[in-house]
Amino acid sequence: MERIAVPSLLVLAMAMGCANDRDSAHDIVSEKSQPMTEQADAHGTTMPTYPSTDEWSHANEKQKARAKRSFVELRMRHVPVYHGPLFVNDEDRTTLQTPQDVALRTLVLWAVELRAEGVPRAEAREIVDNLDLWEYVSADEKRFLDDETPSPEECQKLVWRLESLWVLMWSLGYIDELDWPNGMCDVSVLAGMIAEIEDDPEFITSAKLRSATEILDAQDLIMRIHWAARDAYLHQGGTIPEELDWSSDPDYVPATVCAGGGVVEQRHKVLNWLVNYLSPESWDDVDTPA
């Protein structure tokens with residue numbers, strides 16, 4: 001699929017983190033970014049400093065360790081981080097979506113994505129009909145699939161569900177790892193995998209999820225990348241680093257043409273859904289607030 005514009009910048013202009021408790025979390029929307037201090041790495045390149053998780057009074061040891069693992073990844077690209085306490089729930093306070101629900105959501109998103117790509121309405125709806133998926137289709141998705149002439153803008157927005165699908169297939173073990181989110185997923189690989197499983201009932205009945213630790217690690221990391229992208233967007237004239245890489249004098253490009261922005265947005269949404277963040281009533285209600 002050709003590179004396309006990021007569908008919506010509302011998420012980049014909104015808060016992006018997840019905190020352990022909303023009543024004790026810092027409000028990143030209203031609070032100005034804390035000043036960033038910098039230090040030089042072994043190669044003499046300036047990089048931001050990272051907070052000491054030992055000072056996070058409300059975080060338990062699992063949450064502190066998870067943040068430290070994220071920092072290892074972020075340091076490689078000098079990604080700025082929020083210096084207040086910011087962390088996701090731990091395993092003991094997380095109830096993942098069931099493997100079957102994840103498989104069902106994958107198939108629903110596949111039908112929606114195909115329709116967004118221009119597949120005839122009847123063909124996209126046939127996937128939902130044949131697999132008896134309508135009860136798992138959200139209200140917004142049903143409206144889209146019912147629409148005989150959806151707008152190009154809505155189709156473009158929903159094409160990005162490919163990135164959500166990529167994460168779902170990772171969570172089900174079909175993809176080995178989630179790479180740095182600076183570019184689109186391998187659409188041909190994704191399409192090939194789903195083509196093999198969409199008519200196989202065992203894809204649903206035998207579905208298995210990765211561990212809560214793996215999924216929470218991915219959520220924590222994408223939350224921090226999303227915060228950094230938002231911070232850059234707000235303080236760099238609506239631009240973000242093209243590769244979501246802040247090292248080596250990054251090229252800042254308009255967020256509207258940066259593929260990484262769309263990838264991060266989708267990953268954050270679907271990972272929040274996987275861990276039932278804020279207990280959304282449906283897929284349409286999944287959010288990424290601070």
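What follows is calculated from the coordinates using simple rules that are stated; it is not laboratory data. These numbers come from a predicted model, not from an experiment. Heads up, the Cβs are rebuilt from the backbone with ideal geometry, glycines too, and the neighbour counts pull from every protein chain shown.
Summary of values
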| quantity | calculated |
| --- | --- |
| Of Lys64/Lys157; Lys62/Lys157; Lys62/Lys208; Lys142/Lys208, pairs whose Cα-Cα distance is over 29 Å | Lys64/Lys157; Lys62/Lys157 |
| For the range 53-67, 3J(HN,Hα) per residue [Karplus equation, 6.51 cos²θ - 1.76 cosθ + 1.60, θ = phi - 60°, Hz, x = Gly/Pro] | 5, 5, 8, 7, 5, 8, 8, 8, 5, 5, 5, 5, 5, 5, 4 |
| Inter-probe distance in nm under a simple model that places probes 7 Å from Cα toward Cβ, at Glu123 and Gln100 | 3.1 |
| For the range 99-205: rounded, prolate or oblate by the Cα gyration tensor [a/c cutoff 1.5] | oblate |
| Approximate spin-label separation Val187-Asp285, in nm, with each point projected 7 Å along Cα-to-Cβ | 3.3 |
| Length gained when the stretch Glu153-Lys68 is fully extended (0.36 nm per residue, less Cα-Cα span) | 26.7 nm |
| Value of relative contact order over the range 99-205, rounded to a whole percent, pairs C-alpha under 8 Å and six or more apart | 36 |
